[in-house]
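**Student:** Mind looking over this structure? Questions follow.
The values are calculated or read from the model by the stated rules, or taken from the named source; none is laboratory data. The shown structure was predicted, so the numbers you read here are calculated from the model rather than taken from an experiment. Note that each Cβ is placed from the backbone with ideal geometry, even for glycine, and that neighbours are counted across all protein chains shown. Heads up: the accessible areas ignore ligands, DNA and RNA and are worked out on the full protein's heavy atoms, side chains in. Shrake-Rupley method; radii C 1.70, N 1.55, O 1.52, S 1.80 Å.
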Amino acid sequence: MNTLAVLVCLAAVAAASPQFRNQPRQTFQDERQVAILRDDRQDSGDGNFNYNFETENGISVSASGTPGSKGQSNIQGSYRFTLPDGTIAEVRYIADEAGFRADSPLIPTAPPLPAHALEQIRFAEEQRRRGITF
């Protein structure tokens, strides 16, 4: 009886598995291999490290890290790549005790606050200074 139950389960798993026969292989737009131009890595073993990586199609990544005050790694780095229109995209970042912060013209930013919102914030701060809370 147990053998029959195991065989039924195996048959069910086999029948439910994806069938890839006669299906064209899915490809990406540009699947060519890309040469690595640079791959420099240094790790001192005490939490200090840096690396630089660059490919022939314009992708580059660099970062350096140091031990943080709370046991984390503090990392500062950047990455670059070419956008479809040919322009270069670059993102610089810092990750440390204060969290992760990235800087790039590609990252959307909020519009400036209107004057009435700034006035409300100033008024609320003044109320807090006076001890008025809601």
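**Student:** Starting at the first residue of the range 48-64, write each ³J(HN,Hα) from the Karplus equation 6.51 cos²θ - 1.76 cosθ + 1.60 with θ = phi - 60°, in whole Hz, x for Gly and Pro.
**Tutor:** Couplings: 8, 7, 7, 8, 9, 9, 8, 10, 5, 8, x, 7, 9, 9, 9, 7, 9 Hz.
**Student:** If I stretch the segment between Tyr93 and Asp40 completely, what's the gain in nm (0.36 nm per residue apart, minus their alpha carbon distance), one decimal? Intermediate values should be presented prior to the final figure.
**Tutor:** Values: separation 53, 0.36 × 53 = 19.08 nm, distance 1.94 nm.
Full extension from Tyr93 to Asp40 adds 17.1 nm.
**Student:** As I understand it, the dipole of the range 66-130 uses +1 on the Cβ of Lys and Arg and -1 on the Cβ of Asp and Glu, about the Cα centre. Which of Phe123, Ala110, Leu83 lies farthest toward its positive end?
**Tutor:** Phe123
**Student:** At 0.36 nm per residue, minus the direct Cα-Cα distance, what do Arg130 and Thr66 gain on full extension? Give it in nm, one decimal, please. Can you show the working numbers first?
**Tutor:** Numbers: separation 64, 0.36 × 64 = 23.04 nm, distance 4.31 nm.
Length gained, Arg130 through Thr66: 18.7 nm.
**Student:** Continuing with the same structure: Quick one: divide the alpha-carbon radius of gyration of the range 29-82 by 2.2 N^0.38 Å and tell me what you get. Present the calculation step by step, with values, prior to reporting the outcome.
**Tutor:** Working: Rg = 14.1 Å, N = 54, 2.2 N^0.38 = 10.0 Å.
It is 1.40.
**Student:** Tell me, in nm to one decimal, what length is gained between Gln120 and Tyr51 on full extension, where the rule is 0.36 nm per residue of separation less the Cα-Cα distance?
**Tutor:** Values: separation 69, 0.36 × 69 = 24.84 nm, distance 4.70 nm.
Separation in residues times 0.36 nm, less the Cα-Cα distance, equals 20.1 nm.
**Student:** Once phi is turned into ³J(HN,Hα) by the Karplus curve 6.51 cos²θ - 1.76 cosθ + 1.60 with θ = phi - 60°, what whole-Hz value does each residue of the range 108-118 show in order, with x for glycine and proline?
**Tutor:** x, 10, 6, x, x, 5, x, 4, 5, 6, 4
**Student:** May I ask you to give the percent of accessible area on the range 31-77 that is carbon plus sulfur, with a probe radius of 1.4 Å? Intermediate results must be reported in sequence, preceding the final value.
**Tutor:** Working: 1480 of 3250 Å².
Within the range 31-77, the accessible surface is 45 percent carbon and sulfur.
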